[in-house]
1. Between rounded, prolate and oblate, where does the range A:46-98 land on the alpha carbon gyration tensor, with a ≥ b ≥ c its root eigenvalues, rounded for a/c under 1.5, else prolate if a/b exceeds b/c?
2. How many angstrom lie between the C-alpha centres of the range B:81-160 and the range A:125-157?
3. How about the range A:88-189: which trypsin sites (Lys or Arg not before Pro) there are in a DSSP loop, with at most 11 other Cβ atoms within 10 Å of their Cβ?
4. Search the structure for amide H atoms under 5 Å from the amide H of residue A:195, placed 1.01 Å from N in the peptide plane, and list their residues when 5 or more places away or on another chain.
5. To the nearest 10 degrees, how steeply does helix A:241-251 sit against the main Cα axis of chain A, on a 0 to 90 scale?
6. How would A:41, A:192, A:19 line up from fewest to most surrounding beta-carbon atoms within 10 angstrom?
7. How crowded by other chains is A:60-71, given as the mean number of beta carbons from other chains within 10 Å of each beta carbon?
8. To check you understand DSSP bridge types, tell me what percent of the beta bridges within the protein assembly as shown (both residues inside) are antiparallel, rounded to 5.
Amino acid sequence: MEARNIDVKSEISCQHLYKSFPGMDGNVTEVLKDVNLSVAKNEFLVILGPGQCGKTTLLNIMAGLDSSDSGEILLNDVPVSGPNPNLGLVFQRMALMPWKTVMGNVSMGLKFRGVSKKEREEKARYFINLVGLSGFEKSYPYQLSGGMKQRVGIARAYCSDPEVLLMDEPFGALDAQTRYMMEEEILRIWEKAKRTVVFVTNNIEEAIYLGDRIVLLSRCPATVKAVYPIDLARPRQFTDSRFLEVRQKIADNTDLAL
Amino acid sequence: MATRIVAAPGKIRSKNNSLVWLSAASLVVFFIIWYGLVESGIISKALLSPPAEVLTTFISKFSNRAPDGATLGAHFKTSLTLALTGYITAVVVGAPLGLLMGWYKKVDSIVKPIFEVIRPIPPIAWIPLAILWFGIGLPAKAFIIWLSAFVPSVINSYAGIKLTEPVLINMSRTFGATNWETFLRVGVPSALAMVFTGLRLSLSSAWMTLVAAELLAATEGLGYMIQMGRTLARPDVIIVGMLTIGLTGAAMAFILERFEGKLAPWRRS
Ligand SMILES: Nc1ncnc2c1ncn2[C@@H]1O[C@H](COP(=O)(O)OP(=O)(O)O)[C@@H](O)[C@H]1O
Ligand SMILES: [Mg+2]
């Protein structure tokens, strides 16, 4: 395994994570098998893996929503034992509250923390603006398109000011056109409001387009197969020869259907 | 809204108009058949009054106590007070109980066994016991109505909150919300549609049980009025009572629906 040293100390890391689920027939399904990875501060790390390999399971454990059978998550060297305001999650299915407006959804994290209405609306407005949804504060999710909904999800994760943003295939449900646009958007947002990002995808182009590094997972049970630093300058071009070279290198090492 | 798809208003209106006409035509046909059946003698006037006679009785009952001892307004007021007393106390207890049962396993374990036994008993089966306990006054009837409205409000709130999307619960947990906060801010709003279904079913259940209760033991009320109509062989009085019951039930359902629309503006119509 290629393990490049990063000079900034890691902000969040997974140490020897194991996880299995009891199956229906009494067998146990092993989903994570000795997963190790570390993410540097303000790094955009992409986790690339085939469908059903355990990506959501891994991210839920990192977010403190689920617990591993063994191993631990360290956030600034402190073990994560449950949901933590410093860990924001953007869900695979957008998970917006249908009864809340864009403003209500984006500011809900602050509400749970008891931030005053004035203050949380001010902050929410900033992030709504950042994701390009100004003017839609009072809209309900059913009035928004898929891409707009995911922008709300991103603004919501940002708004409670976590150090680390965990994104679980946020663009998986979008059509190709919207997806390309959102890939550009997420980088623009990240450049403007730098955070540590762990971005999960099963799409190899998306991974190369976005990531500072790519962590490649194997099929279930997931384990880290390889780590690829991507040294291409942004904005990257899908048709660039170096882009295609990297793509080929990763593709040779995967069992993703390509 | 930029993304909202709005159909041409003219089209909607003309479509609605033709639907209104269809409803009106259906009512007209209904009255014509009713009129024809009675006037042609196929059904004797002693069994079914013609529409005009029902209308006359309806109007006269506003001020006339005869033949059943009270004006329509008095019967109506008695019934409505009774129904609303039983209904409101039932849903105020039932809906929160159902929500708590659906969210907290402990509450479920405590309440479920008792509830499951009570649930299949038709409210009317409680009448003898209720009369034994409370006599034939308002409390006995209110108790029966309470039971009939209680059950649907519990069941629907329970089912509604059980359907809360796990991903929304997780969402709120990532923000550090406690279980109680998640219950209030995620579980309850997401169950609201089903809670309202429960409130509507409870209302119609309360209203139907009311009439049954009044048929058995009352001195005033719409159910009592119908019963007197039978005793006095006055089909017009019976039908006026029935129509009042039907119209009131429909009006209450309509008001509740309006209220739901106000409370839940995020739901697509
Ligand atoms: N709560 C659970 N109970 C049982 N099996 C689960 C559970 N969550 C996930 N799994 C199983 O773990 C495997 C990985 O799932 P998931 O992490 O959702 O994969 P991915 O996100 O990569 O598509 C799947 O085979 C899935 O069926
Ligand atoms: Mg997944």
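1. The shape class here is oblate.
2. Centre-to-centre distance over Cα atoms comes out at 43 Å.
3. A:138
4. none
5. Taking Cα atoms only, the helix is inclined about 60 degrees.
6. Working: A:41 16, A:192 8, A:19 23.
Least crowded to most crowded, the residues run A:192, A:41, A:19.
7. Mean inter-chain Cβ contacts per residue within 10 Å come to 1.
8. That works out to approximately 55 percent antiparallel.
We did not get these values from a lab; they are worked out from the coordinates using the rules stated. This is a predicted model, so every value here is computed, not measured. Neighbour counts run over all protein chains shown; Cβ positions are idealised from the backbone, glycine included.
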